[in-house]
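As structure tokens, the structure follows; a few thoughts come after it.
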Amino acid sequence: MRRIIIADDHSLIAEGLLTAFQPHFKEDVIEVACDKGSLFKLLSASTDILLLDVRLGEDIAADFIPDIRNKFPQLKILVLSSITDMTLIERMRNQGIQGFISKSKTTAEIISATRQVLNGETYFLTLPINAEIVLSPKERRVLQLIMEEKSTKEIADELCLSVKTIELHRSNLFVKTGAKNVAGLVKIVLQKNLLDHY
């Protein structure tokens, strides 16, 4: 008997996958987590595979995958998300995940990828080498203000958002671009022309 955890902050998706998986993994225990806290409570040395969304609420998977890896080095991780940014995928791949599959794939393909990873193989979707970095309107606005050398608090005040929310957007920008600091972020913005007027 194997243990499978499906972690997705959209309960409809998590429950839908659970329902789809049950007939194919009848002898296995399948559990669902909708946030980072519940995920870490469910994880144990007996967990065989984790299907993990790129984002759980305000928590980004790439920020806590190293913690999971340190505690459960044998755990297989298959990232499942609608985000297909190559830089982010490569970052998580370097953190030791065994696979990445898009939510746009069919349930049958997701189940097949899960079986493949459970069997000790890897599964990574193929993306163009120069895959586009896709930013949300809010991320673009935060990026514009960073380019104007505004501090996190100044950005929060200007956009009428909390400092914590701005920090989340900044973190997303670093994840999506692969930048390690603001200087690196600015360099990537200029190289990839992420903001038309810069």
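The values are calculated or read from the model by the stated rules, or taken from the named source; none is laboratory data. Owing to the predicted nature of the structure, the values given are computational and were not obtained by experimental measurement. Counting neighbours? That spans all protein chains shown, and the Cβs are built from the backbone with ideal geometry, glycine included.
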With the structure loaded, tell me whether S38 is surrounded by 13 or more Cβ atoms within 10 Å (Cβ to Cβ), modelled with pLDDT under 90 and hydroxyl-bearing (S, T, Y) or whether it fails that test. no
So in the stretch 41-76, with the set limited to residues that are among the hydroxyl-bearing types (S, T, Y) and touching a Phe, Trp or Tyr at 6+ places or on another chain (Cβ under 9 Å), which one is surrounded by the fewest Cβ atoms within 10 Å (Cβ to Cβ)? S44
With a cut-off of at least 3 residues that are surrounded by 12 or more Cβ atoms within 10 Å (Cβ to Cβ), at pLDDT 95 or above and of a type in the set (F, W, Y), name the helices (runs of 4 or more DSSP H) lying wholly within the stretch 98-198. none
Looking only at the stretch 1-35, count how many residues are buried (at least 19 other Cβ atoms within 10 Å of the Cβ) and not hydrophobic (A, V, I, L, M, F, W, C). 1
